[in-house]
Amino acid sequence: MIIQIAPELTRVTSLRRRLASLPSICQGEGELVKSDSRGHVYRVGLDNHVLAVKWFPPLWTPPSRFMRRLLKGRRGSSIWRRVRLAYCYGLPVVPPIGLYQPGPWYGEAYLVFEWIEGQPLSAVLGDHRMSFGARSRVAAKTAAAVARMHQAGITHGDLKPRNVLITATDPTFIDPDAMRIHRFPAGLTKRARRDWQTLVSNLNETSVDPALIQKILVRAAPREADVGRSDLNRG
């Protein structure tokens, strides 16, 4: 069993105790807000806090890939480390709270984040009650946040508009379980391009003004020399 808590919350002893109760809490009072092949997301109230809990089902691994999976370590722990690093680096990712993995490395896992109240990027950019200038600033801030994440050597991996929540006018990246930290520029450049393509292609399928999408595209083609210059990639 693994229980990890964000260092700034280690004094909250009740949180460590309650994390071990997540399976029953999610199935009981938790509100299911998303479900797909990779797991479920629950909205849970815990000790006067509203949290988002991502549940990952047990991982079936074919014999041919067993050793590779084993060497990669626990799935929940590896995701937790990547998201914590992105958060500590100051990137606008959903704040990670804790991890609970009750069984072996291939078993189920629960990742706990702060619950973020906001609207998906596509809803904000498509809201014509806002002025074009206000929506343009949101698009510019989002593009700058994505570019900053890539310059830190990190890619999101599932950068759909629904995974970019706008709180006030600032973007926050949610659902970060496909996030990767890259050590080499070639892999980073390839996956950074995929992030941009996912974001823009999904926006193109909505009613968002093409001029706003163009605002994002301006930042969507960074020079390869500018990608991954952060200290995370040195050495």
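Being over 20 Å from His40 (Cβ atoms), in contact with a helix residue (DSSP H, G or I) (Cβ under 9 Å, 6 or more places away or on another chain) and in a helix (DSSP H, G or I) is the requirement here; does Ala145 meet it? So Ala145 fails the test.
Close contacts from the stretch 76-97, counting a first residue that is polar (S, T, N, Q) and a second that is part of a strand (DSSP E or B) and surrounded by fewer than 18 Cβ atoms within 10 Å (Cβ to Cβ), with Cβ to Cβ under 9 Å and a gap of 6+ residues or different chains, come to Ser77/Ile2.
Exactly one residue out of Tyr87, Tyr100 is under 19 Å from Leu51 (Cα atoms), modelled with pLDDT of 90 or more and of a type in the set (Phe, Trp, Tyr): that is Tyr87.
Of all the residues in the stretch 197-208, those that are in contact with a helix residue (DSSP H, G or I) (Cβ under 7 Å, 6 or more places away or on another chain) and touching a residue at least 24 places away in the same chain (Cβ under 8 Å) number 5.
Checked against (1) among the hydrophobic types (A, V, I, L, M, F, W, C); (2) surrounded by fewer than 22 Cβ atoms within 10 Å (Cβ to Cβ); (3) assigned to a strand (DSSP E or B), Ala186 passes all but condition (3).
Checking each residue in the stretch 169-196 for being without any contact (Cβ under 8 Å) to a residue 12 or more places away in the chain and farther than 23 Å from Arg84 by Cβ picks out Ala186, Lys190, Arg193.
Screening the candidates Arg82, Arg43, Arg135, Arg129 for the property of being at pLDDT 90 or above, in a loop (DSSP other than H, G, I, E, B) and either more than 24 Å from Pro161 (Cα to Cα) or of a type in the set (Lys, Arg) (or both) yields one hit, Arg129. Restricting the stretch 147-163 to residues that are aliphatic (A, V, I, L, M) and surrounded by 21 or more Cβ atoms within 10 Å (Cβ to Cβ), the residue that is farthest from Leu111 (Cα to Cα) is Ala152. Kindly provide the set of residues from the stretch 202-215 that are in a helix (DSSP H, G or I) and at pLDDT 85 or above, ordered by number. Those that are in a helix (DSSP H, G or I) and at pLDDT 85 or above: Asn202, Leu203, Asn204, Pro210, Ala211, Leu212, Ile213, Gln214.
Considering (1) closer than 19 Å to Lys34 by Cβ; (2) at pLDDT below 90; (3) of a type outside the set (A, V, I, L, M); (4) not assigned by TED's automatic domain parsing to the domain that holds Pro23, the lone condition that Tyr110 does not fulfil carries the number (4).
Check the stretch 164-179 and report whether any residue there is polar (S, T, N, Q), surrounded by fewer than 22 Cβ atoms within 10 Å (Cβ to Cβ), in a helix (DSSP H, G or I) and not assigned by TED's automatic domain parsing to the domain that holds Tyr110. No, because not a single residue in the stretch 164-179 is polar (S, T, N, Q), surrounded by fewer than 22 Cβ atoms within 10 Å (Cβ to Cβ), in a helix (DSSP H, G or I) and not assigned by TED's automatic domain parsing to the domain that holds Tyr110.
The values are calculated or read from the model by the stated rules, or taken from the named source; none is laboratory data. The structure displayed is predicted, hence computed values, not measured ones. Heads up, the Cβs are rebuilt from the backbone with ideal geometry, glycines too, and the neighbour counts pull from every protein chain shown.
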